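Worksheet: the structure to be examined is printed underneath.
The values are calculated or read from the model by the stated rules, or taken from the named source; none is laboratory data. Nothing here was measured: the structure is a model prediction, and the numbers come from that model. Here the Cβ positions follow ideal geometry from the backbone for every residue, glycine too, while neighbour counts run over all protein chains shown. Just the protein is used for accessible areas: all its heavy atoms, side chains included, with ligands, DNA and RNA removed. Shrake-Rupley method; radii C 1.70, N 1.55, O 1.52, S 1.80 Å.
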Amino acid sequence: FRKDVCPSGGYVLKTNNVFRKHRSHQRISMPPSRAKRSPRNTGPTSAQVLADIQQGTLHPLYYFYGPEDFEQDTLIRALTEAAVEPPGRSFNLDTYQAEDMDISEAVNQALTFPMMTKRRMVVIKRVDKLPDAAARELLPLVENPVESTVLVMTATKPDARKKLYLEL
């Protein structure tokens, strides 16, 4: 794993046991109480991400993965409340399901400047279900996140061999 720090920040967060900070690839393991392993120090917990959001610290890229959809949805709701003001949500909040989306439309929305607010938010759920060709189209957004856009990607079980996951 590379240990360089992304200048634009961002979080990659496993919503069950393991948390990773964007591009630092240091790991923190937070095992269930019945496990005998000791935690490894690597990145933020969901509580730390929520605290950052409440303090107004938003990053241009978030990647939440794990089997806990409820926890992912809680983090997405908190990000939505902090990133996009209610009057501008109809113009600046786009949510896609990877199984039935046009990837070029999602990329274009992420590159579009916000309308009547400071930020735009694009949520792509189940990004692990994207075909390889479609996932490659997201790479420019991962490598150089747009500062005026909060891009949130979620996955249940990402494939660590794929280029998109390796770039996070």
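Table for the structure above
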{"quantity": "Verdict on PRO67 being over 19 Å from GLU147 (Cβ atoms) and part of a loop (DSSP other than H, G, I, E, B)", "calculated": "yes"}
{"quantity": "Test: residue in segment 115-125 that is open to solvent by 50 Å² or more (accessible area, probe 1.4 Å) and part of a helix (DSSP H, G or I)", "calculated": "no"}
{"quantity": "Condition broken by SER104, with the remaining ones in (1) at pLDDT below 90; (2) within 19 Å of ALA134 (Cβ to Cβ); (3) hydroxyl-bearing (Ser, Thr, Tyr) satisfied", "calculated": "(1)"}
{"quantity": "Single condition PRO39 does not satisfy, out of (1) open to solvent by less than 40 Å² (accessible area, probe 1.4 Å); (2) modelled with pLDDT under 90", "calculated": "(1)"}
{"quantity": "In segment 127-145, the residues that are small (Gly, Ala, Ser) and open to solvent by 20 Å² or more (accessible area, probe 1.4 Å)", "calculated": "ALA133"}
{"quantity": "Selection count where residues are charged (D, E, K, R) and either farther than 17 Å from VAL49 by Cβ or in contact with a Phe, Trp or Tyr (Cβ under 6 Å, 6 or more places away or on another chain) (or both), scope segment 68-97", "calculated": "3"}
{"quantity": "Count - residues of segment 146-165 that are open to solvent by 20 Å² or more (accessible area, probe 1.4 Å), closer than 21 Å to GLY88 by Cβ and either at pLDDT below 90 or not polar (S, T, N, Q) (or both)", "calculated": "2"}
